[in-house]
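Everything below concerns the one structure shown next.
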Amino acid sequence: MQLTATYRINTPMFLGEANQQETSLRPPSFKGALRFWWRAIHWPLYRARASDDATALKDLHQQEGKLFGQAFNEKIKHSGQSCFSLHIRDKAKIDAPPKPSCGHQYLLGQGLYRPGSTGGYLRLRVLLEGTIEASLHFRPQTSVNDQLSIAKSLVALGTFGGLGSRARKGFGSLSIISLTGIDNADVPIAHNIEQLKEVIRWLGINTASCDYPPLTAFSKYSRIDLSMTHTDSWKTLNSIGNQQQLYRSWGQNNTVCGQDAEKNFPNDHHWAQQASHGQHPHQLPKRIVFGLPHNYFFSSTHKKADMAPATKERQRRASPLFIHIHQFQNNTYGALQILLPAKFLPTGELVEVKAQGLRNCKLPFSPDWSVITNYMDRFIKNIDFQGEQLI
């Protein structure tokens, strides 16, 4: 029993070796991404069967361990192998990353790129255009239903996700081209927009009715938008980065990357500036909903304010907004933006604000999801983008 999924690489994929100067695609990286999307699309099903989140999580993780393997756990005294072996073949060009524009640089962040004459990419080689083939060889006792649930994960990865660093920001985006080996199952592949809608229906994520999940997963609050289409994947990603930077950034000298600054969040700017001067802010910036850490640097004063979860066990909160560049037929690329709202931080956990002269500043944060949905709406309201909300 075997499943074979073939993917096309749409945007540069940053998969670093230990020295961060070479790149390669290894099965654990692929399998980790597959597990993530398995949890994301199956959470609503397990939550509907359970009386509470804790029970649903236990059942979800138990099934995940059965399918993907599980290291020995002291609590449940159990370990197990995956129900399949995974083989990866790639036919991709390995080369230096392309020169980034403003939008790319914004999405790359300082972990991959540093601007300025002495800056540049921190990873010198990436996987560029080409294909990836993933072959899953199932153990004989694996049920058809289990194979189908993994098949859905393979499709979800190639419709909403990617591999490597900054995959949530659109880098390393994968488009699934084909999936073979599913008996008596009509598996849709999104080669055009109507097929994309069919994939969403087939995955069942548009019928999710659960509340905010305790993990990044689909729920009744999720949203999938086709924000724009273009004939060039790299330019599409840059356009998304430009729009997000315009929406979120305060700018310098009233400009953001050569465009008039929108200054959509004056209170955020005020609170962060207050903190940078050692004054205890009374409220946290709303834009924290895009993820933590959330950092400010004020060029006029050379002061900064950094915000992150207050516990040592958790240094970050990943963004709930995913960018995915998908290739349709006729070499057209669509920019999908997927919002997966979830419980932002564990109950009672605070956000710590660090700045010179500021001591023990820890505040609660209640996410305002409209900060992100208003951003997504700009692509739908602007006729130039012709965006469409899919769910």
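The condition (being crowded, with 18+ Cβ neighbours inside 10 Å, under 26 Å from Pro140 (Cα atoms), in the same structural domain as Thr142 (by TED's automatic domain parsing) and modelled with pLDDT of 95 or more) is satisfied by just one residue among Arg8, Arg39: Arg39. Do we have Gln283 as at pLDDT below 95 and touching a Phe, Trp or Tyr at 6+ places or on another chain (Cβ under 7 Å) here? In short, yes. Would you check if there is a residue in region 354-371 being surrounded by 11 or more Cβ atoms within 10 Å (Cβ to Cβ), closer than 30 Å to Ser175 by Cβ and in contact with a helix residue (DSSP H, G or I) (Cβ under 9 Å, 6 or more places away or on another chain)? Yes. Selection over region 292-307 of residues that are within 15 Å of Asp268 (Cα to Cα) and either assigned to a strand (DSSP E or B) or charged (D, E, K, R) (or both) gives a count of 10. Here's a check for you: in region 250-279, which residue that is touching a Cys at 6+ places or on another chain (Cβ under 9 Å), in contact (Cβ under 8 Å) with a residue 60 or more places away in the chain and surrounded by 13 or more Cβ atoms within 10 Å (Cβ to Cβ) is nearest to Leu363 (Cα to Cα)? My answer is Ala275. Does Phe322 count as surrounded by 16 or more Cβ atoms within 10 Å (Cβ to Cβ) and at pLDDT below 95? Spelling it out, it is not the case that Phe322 is surrounded by 16 or more Cβ atoms within 10 Å (Cβ to Cβ) and at pLDDT below 95.
Could you say whether any residue in region 361-384 is of a type in the set (Gly, Ala, Ser), touching a residue at least 40 places away in the same chain (Cβ under 8 Å) and more than 24 Å from Phe36 (Cα to Cα)? No; the residues of region 361-384 include none that is of a type in the set (Gly, Ala, Ser), touching a residue at least 40 places away in the same chain (Cβ under 8 Å) and more than 24 Å from Phe36 (Cα to Cα). Filtering region 193-215 to residues that are surrounded by fewer than 19 Cβ atoms within 10 Å (Cβ to Cβ) and assigned to a loop (DSSP other than H, G, I, E, B) leaves Gly204, Ser209, Asp211, Tyr212, Pro214, Leu215. Kindly establish whether Asp384 is of a type in the set (D, E, K, R), surrounded by fewer than 19 Cβ atoms within 10 Å (Cβ to Cβ) and closer than 18 Å to Gln245 by Cβ. Yes. Taken together, Lys343, Lys362 contain a single residue that is assigned to a loop (DSSP other than H, G, I, E, B), among the basic types (Lys, Arg) and out of contact with any Ser or Thr (no Cβ under 7 Å at 6 or more places or on another chain), which is Lys343. Taking the criterion of being closer than 22 Å to Asp232 by Cα and crowded, with 16+ Cβ neighbours inside 10 Å, the residues of region 170-192 that qualify are Gly170, Phe171, Gly172, Ser173, Leu174, Ser175, Ile176, Ile177, Ile189, Ala190, His191.
Among residues belonging to region 171-187 that are assigned to a loop (DSSP other than H, G, I, E, B) and in contact (Cβ under 8 Å) with a residue 24 or more places away in the chain, point out the one that is nearest to Ile132 (Cα to Cα). Looking at residues that are assigned to a loop (DSSP other than H, G, I, E, B) and in contact (Cβ under 8 Å) with a residue 24 or more places away in the chain, I get Gly172. Looking at region 94-106, can you tell me whether even one residue there is in a strand (DSSP E or B), more than 20 Å from the chain's Cα centre (by Cα) and assigned by TED's automatic domain parsing to the domain that holds Arg8? Yes, region 94-106 has at least one match. Checked against (1) surrounded by 18 or more Cβ atoms within 10 Å (Cβ to Cβ); (2) under 30 Å from Asn10 (Cα atoms), Ala305 passes all but a single condition, namely (2). Any idea how many residues of region 153-168 are basic (Lys, Arg) and buried (at least 22 other Cβ atoms within 10 Å of the Cβ)? So the answer is 0. The set of residues in region 291-346 being of a type in the set (Val, Ile, Thr) and closer than 29 Å to Leu196 by Cα consists of Ile323, Ile325, Thr332, Ile338.
Among the numbered conditions (1) farther than 29 Å from Thr301 by Cα; (2) modelled with pLDDT of 95 or more; (3) surrounded by fewer than 16 Cβ atoms within 10 Å (Cβ to Cβ), the only one that Pro346 does not meet is (2).
Filtering region 124-138 for residues that are surrounded by fewer than 13 Cβ atoms within 10 Å (Cβ to Cβ) and assigned by TED's automatic domain parsing to the domain that holds Ser175 leaves an empty set.
The values are calculated or read from the model by the stated rules, or taken from the named source; none is laboratory data. Keep in mind that this is a model prediction, so the values were computed, not measured. In this analysis, Cβ positions are derived from the backbone assuming ideal geometry, glycine residues included, and neighbour counts consider all displayed protein chains.
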